[in-house]
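Below you'll find the structure, written out as structure tokens, and then a few comments.
The values are calculated or read from the model by the stated rules, or taken from the named source; none is laboratory data. These numbers come from a predicted model, not from an experiment. Here Cβ is always computed from backbone atoms with ideal geometry, including for glycine, and neighbour counts include all displayed protein chains. Note: accessible area is taken over every heavy atom of the protein model, side chains too, but ligands, DNA and RNA are not part of it. Shrake-Rupley method; radii C 1.70, N 1.55, O 1.52, S 1.80 Å.
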Protein chains: 2
Amino acid sequence: MSFEKVVEIAKRRGFFYPGSEIYGGISGFWHYGVVGTLLKKKIENEWRKFFVKEEGFFEIEGSNIMPKDVFVASGHLQSFSDPIVQCKKCKALFRADKLIEEQAGIFLPEKTSVEEFNRIIKEKNIKCPKCKGELGEVRFFNLMLKVEIGPEKSEIAYLRPETCQAIFVDFLNVYRTSRAKLPFGIAQIGRAFRNEISPRQALLRQREFTQAEAEIFFNPKNENLDAEKFEKIKDYKLNIWNEKQNQITTEEFSQKIKSKLVAYYLAKIQQFMERIGIPKENIRLRELGEDEKAFYAKYAFDCEVKTQIGWIEVVANNYRSDYDLSSHMKLSKKDLSVVEEKEKEKIIPHVWEISQGVDRTLLCVMLQHYHEKEERGWEWFSFPPKISPYVAGVFPLVSKDNLPNKAKEVFEILKNKFDVFYDENGSIGRRYARADEIGTFLGITIDYQTIEDNTVTLRNRDTTKQIRVKIQNLVEIIEKLINKEIEFEKAGEAV
Amino acid sequence: MSFEKVVEIAKRRGFFYPGSEIYGGISGFWHYGVVGTLLKKKIENEWRKFFVKEEGFFEIEGSNIMPKDVFVASGHLQSFSDPIVQCKKCKALFRADKLIEEQAGIFLPEKTSVEEFNRIIKEKNIKCPKCKGELGEVRFFNLMLKVEIGPEKSEIAYLRPETCQAIFVDFLNVYRTSRAKLPFGIAQIGRAFRNEISPRQALLRQREFTQAEAEIFFNPKNENLDAEKFEKIKDYKLNIWNEKQNQITTEEFSQKIKSKLVAYYLAKIQQFMERIGIPKENIRLRELGEDEKAFYAKYAFDCEVKTQIGWIEVVANNYRSDYDLSSHMKLSKKDLSVVEEKEKEKIIPHVWEISQGVDRTLLCVMLQHYHEKEERGWEWFSFPPKISPYVAGVFPLVSKDNLPNKAKEVFEILKNKFDVFYDENGSIGRRYARADEIGTFLGITIDYQTIEDNTVTLRNRDTTKQIRVKIQNLVEIIEKLINKEIEFEKAGEAV
């Protein structure tokens with residue numbers, strides 16, 4: 001299975017690996033190595049460019065630990081839980097829904113009751129997968145991680161299970177300090193924490209993970225979305241999936257759901273996934289049914305990516321109505337409503353949420369661009385140049401005759417402009433292979449001709465074709481190749 | 001006091017503010033608003049450029065939650081604690097060392113024993129500052145924040161109290177996957193958590209904070225520092241402070257402490273502080289005395305910044321010897337030693353640590369560049385252009401006659417290249433003042449002449465001088481002004 005192979009190469013080449021591995025670790029915590037940190041930061045920066053720079057969202061950075069009241073208001077303390085069941089014999093604990101899925105092939109919605117779980121376990125004769133023992137009663141287990149603060153540990157706080165609560169509690173501050181006008185977005189990239197019962201599939205279900213979230217606040221009576229922005233996107237086709245695939249333009253879809261704003265941001269998230277290298281045919285916006293949505297959600301669409309292990313949810317897109325601001329307003333007794341010039345009435349803005357799992361996105365990008373060993377004798381990744389961990393490797397053909405010094409000169413020219421590495425160990429073929437394994441876009445080789453005429457060979461990872469270019473043009477050529485402004489074969493003459 | 005004024009403007013303009021403020025919050029947790037997030041990210045990115053790109057350190061990203069064993073090995077579980085004392089009458093809790101400092105003016109070293117604390121409290125007649133009641137016995141209070149993981153909450157883990165433990169447990173993985181050779185650095189920017197007894201002074205003592213840390217691994221018998229790198233820095237003067245100020249070149253100091261590597265990285269951290277806008281005369285490298293250092297530290301230098309409230313420690317620089325790797329090796333029973341080609345013997349590398357408090361650094365930068373209202377009628381910040389939250393504000397002179405549309409065109413040209421904002425509300429003078437308040441480097445005003453000849457006025461925040469430049473040259477001029485490649489007065493003609 002290529003999923004396992006990707007996890008294996010991720011560990012071997014320093015993309016990601018289990019956290020605190022020398023101690024065996026605790027499952028559900030992964031660390032990013034050198035290559036993975038580069039890839040993750042690039043995906044985060046593309047997201048930031050796309051939503052913060054281009055869409056003009058306001059970015060904030062809240063704390064990971066937040067006081068109890070925040071999660072009383074948000075509803076997490078009451079209802080953010082999974083159904084668990086314990087084996088009466090061996091005492092092992094399992095997620096009830098997953099056991100039923102595995103042993104009876106029944107997929108139960110999130111809202112299933114304890115009684116319903118118990119009934120199905122009995123009816124389908126579900127047993128402990130470890131010892132075949134009889135299972136006890138199902139109960140709900142809260143996924144929040146508690147932290148006790150202060151010298152007497154008297155202040156109860158929680159690690160946030162989603163980053164967005166910081167956005168809601170800071171809403172008024174951002175609105176005021178930024179002199180914002182509806183509609184506007186607040187974004188945040190940061191960690192979230194959940195006490196998952198059975199973490200699994202590497203980065204897919206972790207106990208600590210990174211989210212990139214944006215909450216777009218708007219007036220439901222007058223969305224007031226910038227007409228020019230919508231005009232640019234109106235003919236873009238959305239891959240809506242509602243029991244079957246529907247290709248529909250953003251404009252048509254906006255009419256169907258009676259919201260230009262919702263259609264616009266669905267188009268945007270699909271475009272973002274395309275931008276980081278997921279082909280359109282492998283992206284779908286799956287509309288959630290009534291039994292899958294949170295009770296406050298008017299619409300919800302999961303942006304999913306097709307991979308070797310099936311469709312993976314990477315972005316939850318939810319119409320959260322005014323649920324969050326109203327709940328926080330009620331409990332905090334602070335007025336979180338706004339008065340817009342035109343409306344002259346108090347509004348509690350509604351919220352459209354874009355909640356992206358950064359680690360899942362990274363894993364999908366790796367799965368998408370992974371190539372098996374059979375193809376060219378070694379595994380390789382065809383990441384888009386913009387997010388390739390390293391743009392280029394710099395290689396002296398041999399480790400003698402001053403070639404390493406010349407290669408280091410080239411490396412010094414490039415290193416402050418791009419992520420590049422220098423490697424002089426082993427045969428040049430072996431070095432190309434190692435560079436391919438971590439998805440390095442270009443290979444720059446310094447050979448005897450370089451000493452004579454200051455040209456180097458440039459090797460294209462995707463085609464393995466090579467061209468010769470002048471050192472003085474390297475920076476410009478690499479920039480243009482990253483931005484796809486020139487063709488590789490003609491890069492030597494293009495600048 | 002300008003410290004209070006800086007905290008006030010930070011709240012008012014969205015630099016930073018108490019976290020979860022609408023619920024009163026828990027002290028010691030702060031959020032960054034829109035302007036503060038921009039400033040913080042820029043400081044982090046300068047650090048990354050300086051140490052990861054230019055010095056070639058390997059960057060990783062570990063988890064915030066780590067298993068108990070990590071902190072058994074690191075010694076945190078046993079000794080990472082503060083002395084606390086409770087009032088027998090009102091039951092309030094205090095840090096014993098701080099009470100003694102406040103009431104008796106005695107500064108006690110970190111290694112002071114419980115007996116010594118109790119003796120001084122009795123001798124100096126230290127009382128409860130709240131109710132004057134008698135104090136109980138001093139005890140040590142561990143600052144680690146515990147998290148219970150798993151469905152039975154049986155796996156004990158902790159939020160890391162310093163980011164560097166992820167670097168130590170990942171050492172071997174980075175060494176192998178990056179084919180690194182000693183000496184090399186591993187860097188990480190991330191959160192750390194401490195259950196401080198009395199959080200105070202805004203960002204200075206928080207319970208959740210951001211660290212930028214680098215651990216440089218080297219062979220103590222043969223440091224093997226790049227000679228060219230040292231050559232470049234050897235005449236640079238270090239501000240060593242050891243009871244008094246000593247200006248000494250990096251080379252001389254390296255001879256004194258018999259380590260080029262230590263002297264080199266002390267110079268580097270001082271240079272970094274200069275790069276983000278702290279003048280050299282306000283930086284010192286204070287050598288810690290025997291009673292202040294951790295027991296494993298051979299040398300330790302706090303990089304401190306002079307501010308309106310005294311010298312603030314922003315970077316701890318520690319020679320940690322092989323303490324960390326040896327401790328983890330012992331407990332994990334994994335071999336963390338390395339064999340370097342030349343040496344042909346097993347080495348447990350020694351470690352030089354650079355541990356920078358990002359929030360403290362940001363606060364020092366704000367204090368350094370803060371200007372009182374008296375100076376020009378409003379408060380302003382003279383941040384270096386490279387780290388100014390916004391490089392420029394774009395302003396139509398008036399909100400009519402098509403000037404806003406023209407201004408928005410200029411804004412669109414600039415927004416993907418720089419952090420810029422658009423503002424058309426209020427008089428132009430008021431808008432300049434608002435831009436100054438958040439340290440915006442340039443003001444770009446679109447007036448009636450713009451419509452005629454496509455020129456705009458460029459206002460320099462620091463001098464309030466204005467020049468006229470062509471729109472088509474704006475990007476280049478701004479880039480050159482940020483990099484200080486041209487003089488402001490001559491910018492119009494310089495490109």
| query | Filter segment A:296-318 for residues that are in contact (Cβ under 8 Å) with a residue 12 or more places away in the chain and out of contact with any strand residue (DSSP E or B) (no Cβ under 6 Å at 6 or more places or on another chain); which is least open to solvent (accessible area, probe 1.4 Å)? | reply | A:Thr307
| Quick check: anything in segment A:249-256 on the phi < 0 side of the Ramachandran plot, within 14 Å of chain B (Cβ to nearest Cβ) and modelled with pLDDT of 95 or more? | no
| Looking at (1) in contact with a Ser or Thr (Cβ under 7 Å, 6 or more places away or on another chain); (2) farther than 27 Å from B:Asn45 by Cα, which is the one condition that is false for A:Tyr390? | (2)
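Every residue, every condition in (1) at pLDDT 95 or above; (2) open to solvent by 10 Å² or more (accessible area, probe 1.4 Å), yes or no:
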{"residue": "B:Asn416", "(1), (2)": "no, yes"}
{"residue": "B:Val420", "(1), (2)": "yes, yes"}
{"residue": "B:Asp423", "(1), (2)": "yes, yes"}
{"residue": "B:Gly429", "(1), (2)": "yes, yes"}
{"residue": "B:Ala433", "(1), (2)": "yes, no"}
{"residue": "B:Asp436", "(1), (2)": "yes, no"}
{"residue": "B:Thr440", "(1), (2)": "yes, no"}
{"residue": "B:Thr445", "(1), (2)": "yes, no"}
{"residue": "B:Thr450", "(1), (2)": "yes, no"}
| Taking segment B:122-157 as the search range and keeping residues that are outside any loop (DSSP other than H, G, I, E, B) and more than 30 Å from A:Phe94 (Cα to Cα), which one is farthest from the other protein chains (Cβ to nearest Cβ)? | B:Glu123
| query | Does A:Ser321 qualify as being small (Gly, Ala, Ser), open to solvent by 10 Å² or more (accessible area, probe 1.4 Å) and on the phi > 0 side of the Ramachandran plot? | reply | yes
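If you check A:Lys465, A:Lys480, which single one turns out to be farther than 24 Å from A:Tyr370 by Cα and surrounded by fewer than 18 Cβ atoms within 10 Å (Cβ to Cβ)?
Residue meeting the stated conditions: A:Lys480.
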| Does B:Gly62 satisfy the condition of being closer than 27 Å to A:Ile167 by Cα, more than 7 Å from chain A (Cβ to nearest Cβ), open to solvent by less than 10 Å² (accessible area, probe 1.4 Å) and in contact with a strand residue (DSSP E or B) (Cβ under 7 Å, 6 or more places away or on another chain)? | no
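Of all residues in segment B:149-168, which are open to solvent by 20 Å² or more (accessible area, probe 1.4 Å) and within 12 Å of B:Glu213 (Cα to Cα)? Explain how you work it out, then say what you get.
Initially, segment B:149-168 is screened for residues open to solvent by 20 Å² or more (accessible area, probe 1.4 Å), giving B:151-156, B:158, B:162.
B:Glu162 - this is the single residue of segment B:149-168 that is open to solvent by 20 Å² or more (accessible area, probe 1.4 Å) and within 12 Å of B:Glu213 (Cα to Cα).
Quick check, is B:Glu345 surrounded by fewer than 23 Cβ atoms within 10 Å (Cβ to Cβ), without any contact (Cβ under 8 Å) to a residue 12 or more places away in the chain and outside the structural domain of B:Asn473 (by TED's automatic domain parsing)? Even if it seems obvious, please write down each step before you answer.
Values: surrounded by fewer than 23 Cβ atoms within 10 Å (Cβ to Cβ): yes; without any contact (Cβ under 8 Å) to a residue 12 or more places away in the chain: yes; outside the structural domain of B:Asn473 (by TED's automatic domain parsing): yes.
It is true that B:Glu345 is surrounded by fewer than 23 Cβ atoms within 10 Å (Cβ to Cβ), without any contact (Cβ under 8 Å) to a residue 12 or more places away in the chain and outside the structural domain of B:Asn473 (by TED's automatic domain parsing).
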| Counting only residues that are small (Gly, Ala, Ser) and either part of a helix (DSSP H, G or I) or open to solvent by less than 30 Å² (accessible area, probe 1.4 Å) (or both), which one in segment B:11-57 is farthest from A:Ser74 (Cα to Cα)? | B:Gly36
| task | Please work out which residue is least open to solvent (accessible area, probe 1.4 Å), limiting yourself to segment B:247-271 and to residues that are closer than 17 Å to B:Asp226 by Cα and either charged (D, E, K, R) or not in a helix (DSSP H, G or I) (or both). | result | B:Ser259
| Just one of B:Leu108, B:Leu77 is of a type in the set (A, V, I, L, M, F, W, C), outside any helix (DSSP H, G or I), in contact (Cβ under 8 Å) with a residue 12 or more places away in the chain and out of contact with any Pro (no Cβ under 8 Å at 6 or more places or on another chain); which is it? | B:Leu108
| request: Could you check, for segment B:403-414, whether at least one of its residues is β-branched (Val, Ile, Thr), within 21 Å of B:Glu375 (Cβ to Cβ) and modelled with pLDDT of 95 or more? | output: no
| said: Every residue in segment B:329-355 that is out of contact with any Phe, Trp or Tyr (no Cβ under 7 Å at 6 or more places or on another chain) and outside any loop (DSSP other than H, G, I, E, B), please. | reply: B:Met329, B:Lys330, B:Leu331, B:Val339, B:Lys346, B:Ile347, B:Glu353, B:Ser355
| Taking the condition part of a strand (DSSP E or B), closer than 30 Å to B:Asn425 by Cα, open to solvent by less than 10 Å² (accessible area, probe 1.4 Å) and more than 14 Å from every other protein chain (Cβ to nearest Cβ), does A:Ile240 pass? | no
| query | Any idea which of (1) farther than 30 Å from A:Glu290 by Cβ; (2) at pLDDT 95 or above; (3) among the hydrophobic types (A, V, I, L, M, F, W, C) is the one A:Cys90 doesn't satisfy? | reply | (2)
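Is it the case, given these coordinates, that A:Val338 is among the hydrophobic types (A, V, I, L, M, F, W, C) and away from every other protein chain (no Cβ under 14 Å)?
Answer is yes for this residue.
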| task | Mind listing just one residue for me: the one in segment A:87-105 that is within 14 Å of chain B (Cβ to nearest Cβ) and part of a loop (DSSP other than H, G, I, E, B) and, of those, farthest from the chain's Cα centre (by Cα)? | result | A:Cys90
